[in-house]
Every structure is written in C-alpha cells, then in structure tokens.
1. Leaving out ligands, DNA and RNA, and with a 1.4 Å probe, what % of the accessible surface on chain B is carbon or sulfur?
2. Going toward the positive end of the dipole of the stretch B:1-119, with +1 on Lys and Arg Cβ and -1 on Asp and Glu Cβ, which of B:118, B:58, B:42 do you reach last?
3. With a ≥ b ≥ c the root eigenvalues of the C-alpha gyration tensor of the stretch A:235-277, is it rounded (a/c under 1.5), prolate (a/b larger than b/c) or oblate?
4. Roughly how many percent of the accessible protein surface of chain A is carbon and sulfur, given a 1.4 Å probe and a whole-percent answer?
5. By how many nm would the segment from residue B:198 to residue B:214 grow when fully extended, if each residue of separation counts as 0.36 nm and the alpha-carbon distance is taken off?
6. Mind jotting down the three principal axis lengths of the stretch A:75-120 based on Cα atoms? Whole angstrom, largest first.
7. How about the stretch B:209-225: which of its residues lose at least 50 Å² of accessible area in the presence of all protein chains relative to their chain isolated, using a 1.4 Å probe?
8. Which residues' amide hydrogens lie under 5 Å from the amide hydrogen of residue A:203, considering only partners 5 or more residues apart or on another chain, with H built in the peptide plane?
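The values are calculated or read from the model by the stated rules, or taken from the named source; none is laboratory data. As the structure is a prediction and not an experimental result, all values here were calculated from the model. When we count neighbours, we look across all protein chains shown, and the Cβ atoms used for this are built from the backbone with ideal geometry, even at glycine. Just the protein is used for accessible areas: all its heavy atoms, side chains included, with ligands, DNA and RNA removed. Shrake-Rupley method; radii C 1.70, N 1.55, O 1.52, S 1.80 Å.
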Amino acid sequence: MTDSNRRLDRRRILQLSAAGLAGLAGCGTGSQPATDSSGSGDGGSGDGGSGGSSTETATDGSSGQQMASSVTAWSWDVAAKSLDLIDEPYEEANGGDVTVEQFGRSNMKDKFKSRILSGSGAPAIATMESVDAAAWVDTGGLRDISGWIEDAGIKDGFVSGKWGPLTKDGATYALPWDLGPVGMFYRNDVANEHGLDLESVETWDQFIAEGEKLPDDTALMNLPPNDYDGVWRMMFRQLGGLPFTDSGAVNIHSEKSLRVARQMKRAHDAGVTSSVASWSSEWFNRFADGSITGLYGGAWIEGTLKAEIGDTSGKWRVMKPPAYESGGNRATNWGGSNLVIADQVSDAKARRAFDYMQFALANKEMQLKMYRENGLFPAYKPAYESDAFDQGSEFLGGQAAGRMFAEIAPNIPSYTYTTDTPEITKAINSEFKKMISGDLTPKEAVDSAANQVADRTGRELA
Amino acid sequence: MRKSTRDEAIWRFLGYTFVLLVTLLMVVPIYWIIVASTLPEQAFLTAGTDIQLLPGSHFFANLEALQARESVDFIQSIGNSVFIAIVYTLLSLVLCSMGGFAFAKYEFTFKEPIFYAILATLTLPIQLLVIPLFLLISQMGLTNSYWAIILPWAANPLGIFLMRQNMKQIPDALLESARIDGATEFQLYYRIALPTMKSSLAALAIVLFLFQWNLFLFPLVVLNQGKYTIPVAINELVGAQRVYYDQIMVAAALSIIPLFLVFLFLQRHFVSGILAGSVKE
C-alpha cells in the first residue's frame, strides 16, 4: 500500500468520525421537547413528534370546545381522492383545513398501525377498512367517539350492519363511510352473443348452467387463486355464515361454509371459471376483451372498471348475486371503509377531525358527491332517497344499478371480524387451492382450514 | 494411477454440475425480473401457459408509467436508498471495527458480559424494535430524517461480532512491536488492524449495505413521502384498486443496479493472506 493511499484512508476515517459525532450532536439538541417545525401533532407532512401535547389539552380544559384549525387525514387511492372532494366544501362551510395524504394501501395500514401503537406521529384522521377494525381497535390507539356520535344523533342514519365491527365493549371507534353490496356484473354483449339468459337466473346452479353455453375460451366468472378467500367470504356471508361463533370458536367448517366450498368446486369442475390473479392487468384485460364474462364484486367495482377499462362502457349489466336455492338470500357485501380518529392527537384536533368526518359522512350531499364521482356506495341511508340511485348508469347501459344495491344494502347479513381474520384468509386460500386442484375434497378443505386456524390461534373448533 | 485420475474427473464433473445448478438457481430469478421489466404486464402474468424468456421492448413504457405516479418518486427513492446505505455502511464499518478491535485485543472489566449482551441483541427481530425505536427517534426530533434510519443500527452487533472474530487473528506480537516503535493505541487500530482487515471489511461492507438496503418496516414508519427508500417505494405500487406488477418489475430491476455496482466495487478487495509473513515465530 502506498503512502498516499494510507493518508486517504486516514482522512476518510476522520471524516466519518466527524460525521458520526455530528449525528450524535444532532440527537442531543433534538431531544429537547419536540421542536416540530410544522407544529402539528398529527403527523402531517410531518415530523410527527409531539406525542403528549399537554399544552393543547390544557387550553381545551379551559374552553371545552376549541377546534384545531387544521388536521391531516391519511388514505389511499380512490378513498383519498374522495376525501379531497370534500376538503373544499368543508373549508367553505366550517372553516377548517384538512390535508389529505395519499399512500399505497398496505403502506398506509402498516405505518398508521405502528404510529398509533407507539403513541406518536399519527394523523388525526385515517381510513380504516371494516375488515381491519378489530385489529386496530385492539391497539388501544383509536379514540372512542361514541359520545360525539350520540350527541350528533347520527347513529340511526347508517346501515345497521356497519356498526358491529366498529364497536367494542360499548365504545365506538369509527364513523361508517361506505359499503360494498355485492352484485354479479357481467358483459351483456358477450352473454347475448352466446345466447345466455342471465336476467332470469335465480340460483347458482342455473347460473353455472348458463355458463356452459359459453365457448371454451370464455369463462363465466373468475376464481382468483390469490383471493379464494374473498369469493368464499362473499358467498359465505350471503348464507348468513359466521367465521366465529358467539363464544369465539372457529366455525369455517360449518355446513354453510361447506356449501360454499362445494359450489366453488362445482363451478370450477363445470369448466366455466378462469383462474386469473385479481387486480392484475390481465384480470382487467380479460374483462375488457370479454373472455371472462362475469365479475362477482362490490358495488364500488363499477368505478374501478370505469377507470381501468372505460372502453367497455355500455356493454356491462349487473344482477343480484345468484341464491343457493330459489327464493334464498341474494344480499352480501364486499369491502367498506370507515374513518377513525387517533387517540394521541389533542382534543382540539380530535374535535376538528370529528367535525370533518360528520360533514363528509353523515351528510347526504357529500356522500352522494363521492358516490357519483368515485362510486363509493354510502352507508348513510338518507342518501338512498336521492334520485341519484334511480339514474341509469352509462357504463351499465342505462341500468339503474344504484337502486338495486340500495335494496340489497339493508338485507346484508352482519359478519364478524376479529384480530384472527388474517389467519382465516390464509387458511382458506391455501386449502381451497388444494381443493380446486383436486387434492382435497370440499369437506377435507374446510375441515383442514378450520383446524389450521384453531391451531394457530388457540381457539376452539365449533 | 489410472483409477485415481478417473475418480478425480468424476468428482470434478460432479463439482461443476453442482456449482452450475446453484448458479442457475441464483441467476434465473434475477434474469426473470429483468425480462419481466421489459414486457407488458399481461405478457408475464399469463399464468403458466407460455412463459416469455426473451426480453421485450416494453421497458421504457413501463418506466414511464412508473415515473408518472404521483405518490412515488422512484428515481429519488433510489437516490435516498443509495445515500442512506453508503453513509450507514461507512459509519458502521468504523464503529464495528473499533468495537471488534477493543473486544479482540484489550482487557477491561465486564468485557465478556458486555460482549454477550451485544451479541444477544441479535436475537431481537426488527419488527419488535420498530415501535420503541420510533418513539426514541421521534423524541429526538429525528423523524423523517436520514439519521433516523442510519443511527439505530450504526453499531451493528453482527458487525462487531464478525470484526472481533477476525481481529483475533492479528498477532499480539505485531501490536507489541508497534507499541515499542512508539505507535499510539489509535495508530495501532488504523495503521495496523484496519489495513490487515481489508478483505473482512469488504465482506462486512456488503452485509451492512444489504441489511440497510433491505430494511422495510422501519423506514416505512419513520420516513415520509419523498424520503422513502426503495422497498417502501415499491410497496406503494400495491394499490387498493390494482397491483401494478409491470411497474414493480421495472422498479425491482432498477434497484438491482446499485447493489450490483457495490459488489463489483468491493469484490476486488477480497484479498486474503495479507498477514502472511508479518511476524516470525
């Protein structure tokens, strides 16, 4: 090694040590009480900080009703865009400012959960899917807003099925936003071309029989291998099935679940299904070129299709999901979100947050705005009175699907989500994969899935 | 004689076959990512029917789609990752080698308990540390700064352990003779220990760089948009309405490049036997 080399090394080391010391010094000064540039305790574009916010609580104590002038809301995709729609009218009407930050969905969930668990850096408002409610409430980081909901007298306005997952031990942790009454969307042009009569279909068996009229390269519906559990859950809920009994025992091997498994297997064996990963571009392309005819999905999926494959506008129709037997229930649900308030933000911020949430969600006009623009189906019942639900959708060839969904919504059986719901998702997906490929019978698949969940969660089998 | 050459040939053949197989296992996924990044999404997602093995011409279209996204600036996230990983690696190399040197060559009270306490922290999964660390970082006012990602693992326990093991090989006699020649203790570290540890430092650098490069949950929680590292930026492409596989593939393919350069740069430092003949015993 030459001398110059060695000197270079030494210099580099000295530089690095200096950098390290600077870093440590930075820690020193920073550790004084949150010197937060934005001053917002709700995570804004921000540096998070200010977990305690004792000063703000103090001012609240004296006045009792102060509201912070601005809050931050976290959301994803269409939901974030919808909150943006509300931002301006809210500012005009109530004077507060809401900053909406958009994230990838799983990023937002992980980030928000970590921040409510750590008690600092969370935004005042966040979007929460009902399916996550149990897990989020369990962190103890969400604010109980039942008092405010009661004071505002808005509880009865929402579809009753929405409240279950949002409530625990008498406390309510979220305000319902939208829901996803399920329909069987289908390509009407493809159905007509091959002589399918879907309008008179009432049961799954009739539906599959119609599908057999399609040529081999065209599927009646898709069973996504990455989301068997989603299909299973919709069909299971339609039967009024519950994944856990009242006492918390695992119940996914029940007679109802078995019926769903058999139905899915029958559809697959009849050769009328395809297996394309959902939410991929191939998935959208197959609906666009008509080689998959039907899409079993929540009402909001119309907005997604419009955005992704707008060219097919006018070729679609939607029907109620087929029943298991003639006259059986045809209502079920896929998806649905709510808004929550982080417990760590000051009372003033929380009050502003609730004021905004009430303005956005317990409000016919704003709900209709989000329904029209982004297809979010309101959970707020007064919105259904609007003739917006009777208007024909151009995408659905003039069909007034909104009215059909508004009829379904109140009949949706309620469903239980727990912190162990992700285990069910995993078990159903892995065991149904084996069932579809013929390695397990439907009976073995549901039994094995139930055992797996019981094993991993320490719950009893029902 | 004849039999032994035949045996040798057979063994060599088996050896090469094994190495070839391992190479294939390692190269194929990377090759596939690169191919996939040049294809439109439906071309590489068509489940099982006909697998595309030759690159297509869709790379720039995919890249354009990736760059058009509002919520992720991918090129910037590469910059962020590179900066963070380089600063982290250099800082950590200094701290780990100093720590390793102390544990290998000095005697002090509670040396063993301290060392095993450091080693024990290796058993804590990162997921467990995320929340306490985030609290610490936010109380320091470092949220959303590069230091928030660099400092927590700067004195990497694995690095300290590896450097200690390696520095034990430095003969005490060598250090003694340097002391007699009037070298200070710090000079012993940077003029004798460090130069002889070049290849170990290079190996450790790769480990540290990869560790930082792959961190996901902690950067996600601590950093905000604009400061995202690559893994976090890629995960932004999993939307509620769609998973953008084509853009994910481009992002993954691009994120390999800096790693590749780091390996290329460090591999020439893997020289062994630098200590050979340094002392006569």
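1. On the way: 10300 of 15000 Å².
Taking all protein chains in place, chain B shows 69 percent carbon and sulfur surface.
2. Checked the options; the winner is B:118.
3. Working: a/c = 3.15, a/b = 2.54, b/c = 1.24.
Verdict is prolate for the stretch A:235-277.
4. Working: 8210 of 18160 Å².
Accessible surface attributable to carbon and sulfur in chain A totals 45 percent.
5. Values: separation 16, 0.36 × 16 = 5.76 nm, distance 2.42 nm.
3.3 nm is the gain from fully extending residue B:198 to residue B:214.
6. Cα spread of the stretch A:75-120 along its principal axes, largest to smallest: 34, 24, 9 Å.
7. Relative to the lone chain, where solvent access is computed with a 1.4 Å probe, the stretch B:209-225 loses at least 50 Å² at B:220, B:221, B:224.
8. A:323
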